[in-house]
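The values are calculated or read from the model by the stated rules, or taken from the named source; none is laboratory data. The shown structure was predicted, so the numbers you read here are calculated from the model rather than taken from an experiment. Here Cβ is always computed from backbone atoms with ideal geometry, including for glycine, and neighbour counts include all displayed protein chains. With ligands, DNA and RNA removed, areas are computed over all heavy atoms of the protein, side chains included. Shrake-Rupley method; radii C 1.70, N 1.55, O 1.52, S 1.80 Å.
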Amino acid sequence: MIYADNAATTRMSEAAINTMVATANETWGNPSSLYGFGQKAKEILEDARARVAGAIGAEAREIIFTSGGSEADNQAILSAAATGKRKGKMHIISSAFEHHAVLHTLKKLEKEGYEVTLLDVHENGILTAKDVADAIRDDTCLVTIMYANNEIGTIQPISEIGAVCHEKGVIFHTDAVQAMGHLKVDVVRDNVDMLSASAHKFHGPKGVGFLYVRKGIGITNLIEGGAQERGKRAGTENVPGIAAMAKALEDAVANIDGYASKLTPVRDRIIEGLKKIPHSALNGDAKRRLPGNINFCFEGIEGESLLLMLDDKGIQASSGSACTSGSLDPSHVLLAIGRIHDVAHGSLRLSIGEDITDEEADYIIRSVTETVEYLRGFSPVWRDLMAGKTPFIL
Ligand SMILES: *Cc1c(COP(=O)(O)O)cnc(C)c1O
């Protein structure tokens, strides 16, 4: 089996599993309890907080542990919106190809009277700091732009966007779920005020993540209850999960150069191989993309059929994000970069992991090439294209 769906989730590292099991076995007390055994759990929690903070250039008290990336996105956006409203600022800027954790939260705010501008991400899937600068108004309370896209892997000029926001006094949040552990992230260099991350995207456990909040930025809690997380996120902390996340993040950051230099050539080898398929196109910028991301459109086929047949060949891939697969709508990300519906339906995302070999990369190229050819063989859409009844787009 070749697992090429690391953007959906990653396998937990052995070190993260060991940390999780050891913490659950040995330090299962409640970190809010005052006796020694509880305080031992508290020590593990605070040690993890310091290490997570250290991995992104933050201070420990700027980290709030959450149940994952979605919760962190919700909390960041709703907090900045609440702060804005108090100052009479109810305009928010984001992009058209954010994760649904961001887009659906913004939809909710629109119903409450906020105005949302979704910036175009251009054909290459990258927006510019100037796009953001031009959209900022006197009543803008938040700019939220993802660090790297989960479907097409394109990397945004986060530091430049952050600089523009700071110049204009607007809060800047970035959904860094796909970047964390895969790219070098530094909250100071990147000029971010808030940042979301999720452990299961960097070989940590599912159901745990964190929100970085620069000190001085107001934050509202979504979950009422006890005074955990400095009163900003109630509920007994998932100590084993948090300890495992800290371990996974530390390991990923320590290996980040090796990760990129291992994966980038394999990524490019697969891209070059798949480009040879007629009437196909790479989605997103060829170079400014995550080291493990490959995303293609193949004209005349359905992405779902392709990925099911690849599954039979032992390759796990995706036709878009895990959240949209299962629905018949084409990916909002591919529509955002200008792919028309018919073309966007024939998409394939491969998000490879570090354990991939050159032989496996070649097997992927061969399998995708054969399967696309096979599916086109009985596709009425392809027949019409070949007969010249409808024009080729790609
Ligand atoms: C996976 C993902 C999320 C959601 O994170 P969860 O921990 O699964 O809630 C948010 N944003 C992006 C870009 C993602 O890839």
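Restricting the search to region 309-327, which residues are out of contact with any His (no Cβ under 7 Å at 6 or more places or on another chain), at pLDDT below 95 and not polar (S, T, N, Q)?
Answer for region 309-327, where residues must be out of contact with any His (no Cβ under 7 Å at 6 or more places or on another chain), at pLDDT below 95 and not polar (S, T, N, Q): GLY320, ALA322, GLY326.
With the requirement that a residue be among the hydrophobic types (A, V, I, L, M, F, W, C) and either open to solvent by 60 Å² or more (accessible area, probe 1.4 Å) or over 14 Å from ASP342 (Cα atoms) (or both), what does region 359-394 give you? Steps first, please.
Keep residues of region 359-394 that are among the hydrophobic types (A, V, I, L, M, F, W, C), which gives 361, 364-365, 368, 372, 375, 378, 381-382, 385-387, 392-394.
The answer is ALA361, ILE364, ILE365, VAL368, VAL372, LEU375, PHE378, VAL381, MET386, ALA387, PHE392, ILE393.
Could you list, in sequence order, all residues of region 58-81 that are open to solvent by 50 Å² or more (accessible area, probe 1.4 Å) and either within 16 Å of the ligand (Cβ to nearest atom) or under 20 Å from the mean Cα position of the chain (by Cα) (or both)? Steps first, please.
At the first step, the residues of region 58-81 found to be open to solvent by 50 Å² or more (accessible area, probe 1.4 Å) are 59, 61, 67, 70.
Listed by number, the residues that qualify are SER67, SER70.
Mind counting the residues in region 100-115 that are over 22 Å from the mean Cα position of the chain (by Cα) and either open to solvent by 90 Å² or more (accessible area, probe 1.4 Å) or on the phi < 0 side of the Ramachandran plot (or both)? Full working, then the answer.
Residues of region 100-115 over 22 Å from the mean Cα position of the chain (by Cα): 110-115.
From the residues that got through so far, the ones that are either open to solvent by 90 Å² or more (accessible area, probe 1.4 Å) or on the phi < 0 side of the Ramachandran plot (or both) too are 110-112, 114-115.
Here the count works out to 5.
Just to be sure, is ASN124 open to solvent by 20 Å² or more (accessible area, probe 1.4 Å), touching a Cys at 6+ places or on another chain (Cβ under 8 Å) and more than 11 Å from the ligand (Cβ to nearest atom)?
Working: open to solvent by 20 Å² or more (accessible area, probe 1.4 Å): yes; touching a Cys at 6+ places or on another chain (Cβ under 8 Å): no; more than 11 Å from the ligand (Cβ to nearest atom): yes.
It is false that ASN124 is open to solvent by 20 Å² or more (accessible area, probe 1.4 Å), touching a Cys at 6+ places or on another chain (Cβ under 8 Å) and more than 11 Å from the ligand (Cβ to nearest atom).
Going by the structure shown, is GLY231 farther than 26 Å from ASN149 by Cα and either at pLDDT below 95 or open to solvent by 40 Å² or more (accessible area, probe 1.4 Å) (or both)?
Criteria met by GLY231.
Quick one: in region 324-358, of everything that is hydroxyl-bearing (Ser, Thr, Tyr) and surrounded by fewer than 22 Cβ atoms within 10 Å (Cβ to Cβ), which residue is nearest to MET1 (Cα to Cα)? Can you show your working first?
Kept after step one, since they are hydroxyl-bearing (Ser, Thr, Tyr), are these residues of region 324-358: 324-325, 327, 331, 347, 351, 357.
Now restrict to residues that are surrounded by fewer than 22 Cβ atoms within 10 Å (Cβ to Cβ): 324-325, 327, 357.
On the way: THR324: 24, SER325: 21, SER327: 26, THR357: 12 Å.
Out of the qualifying residues, it is THR357.
This table checks each residue for (1) in a loop (DSSP other than H, G, I, E, B); (2) of a type in the set (Phe, Trp, Tyr).
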{"site": "PRO291", "(1), (2)": "yes, no"}
{"site": "MET309", "(1), (2)": "no, no"}
{"site": "LEU335", "(1), (2)": "no, no"}
{"site": "TYR374", "(1), (2)": "no, yes"}
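Yes or no: region 239-250 includes at least one residue that is of a type in the set (A, V, I, L, M, F, W, C) and more than 21 Å from the chain's Cα centre (by Cα). Let's see the steps before the verdict.
To start, the set of residues in region 239-250 that are of a type in the set (A, V, I, L, M, F, W, C) comprises 239, 242-246, 248-249.
Keeping just the survivors that are more than 21 Å from the chain's Cα centre (by Cα) gives 239, 243.
There is at least one residue in region 239-250 that is of a type in the set (A, V, I, L, M, F, W, C) and more than 21 Å from the chain's Cα centre (by Cα).
What about SER13, is it under 14 Å from GLY241 (Cβ atoms), of a type in the set (Ser, Thr, Tyr) and either more than 16 Å from the ligand (Cβ to nearest atom) or surrounded by fewer than 14 Cβ atoms within 10 Å (Cβ to Cβ) (or both)?
Numbers: under 14 Å from GLY241 (Cβ atoms): yes; of a type in the set (Ser, Thr, Tyr): yes; either more than 16 Å from the ligand (Cβ to nearest atom) or surrounded by fewer than 14 Cβ atoms within 10 Å (Cβ to Cβ) (or both): yes.
Against the criterion (under 14 Å from GLY241 (Cβ atoms), of a type in the set (Ser, Thr, Tyr) and either more than 16 Å from the ligand (Cβ to nearest atom) or surrounded by fewer than 14 Cβ atoms within 10 Å (Cβ to Cβ) (or both)), SER13 qualifies.
What about ALA176, is it in contact with a helix residue (DSSP H, G or I) (Cβ under 6 Å, 6 or more places away or on another chain), open to solvent by less than 10 Å² (accessible area, probe 1.4 Å) and within 16 Å of the ligand (Cβ to nearest atom)?
Values: in contact with a helix residue (DSSP H, G or I) (Cβ under 6 Å, 6 or more places away or on another chain): no; open to solvent by less than 10 Å² (accessible area, probe 1.4 Å): yes; within 16 Å of the ligand (Cβ to nearest atom): yes.
In short, no.
Taking the stated definitions as given, is PRO330 modelled with pLDDT of 95 or more and assigned to a loop (DSSP other than H, G, I, E, B)?
On the way: modelled with pLDDT of 95 or more: no; assigned to a loop (DSSP other than H, G, I, E, B): yes.
No; evaluated as a whole, the condition is false for this residue.
Restricting to region 182-201, what's the tally of residues that are within 16 Å of the ligand (Cβ to nearest atom), assigned to a loop (DSSP other than H, G, I, E, B) and among the hydrophobic types (A, V, I, L, M, F, W, C)?
Looking only at that region, the number is 2.
From the list ALA55, ALA41, pick out the single residue that is open to solvent by less than 40 Å² (accessible area, probe 1.4 Å), touching a Ser or Thr at 6+ places or on another chain (Cβ under 6 Å) and more than 16 Å from the ligand (Cβ to nearest atom). Before you say what the answer is, go through the steps one by one.
Numbers: ALA55 fails: touching a Ser or Thr at 6+ places or on another chain (Cβ under 6 Å).
None of the other options fit; the residue is ALA41.
I need every pair where a residue in region 185-207 that is on the phi > 0 side of the Ramachandran plot has its Cβ under 6 Å from the Cβ of a residue that is of a type in the set (Ser, Thr, Tyr), sequence separation at least 6 or different chains.
Taking only residues 6 or more apart or on different chains, the pairs are ASN191/SER159; HIS203/THR10; HIS203/SER13; GLY207/SER67.
Residue check, ILE219 against (1) open to solvent by 10 Å² or more (accessible area, probe 1.4 Å); (2) within 30 Å of GLU26 (Cα to Cα); (3) in contact (Cβ under 8 Å) with a residue 24 or more places away in the chain, all met but one. Which one?
Here ILE219 clears every test but (2).
ARG269 fails exactly one of the following numbered conditions: (1) within 30 Å of ALA76 (Cα to Cα); (2) more than 16 Å from the ligand (Cβ to nearest atom). What is the number of that condition?
Here ARG269 clears every test but (1).
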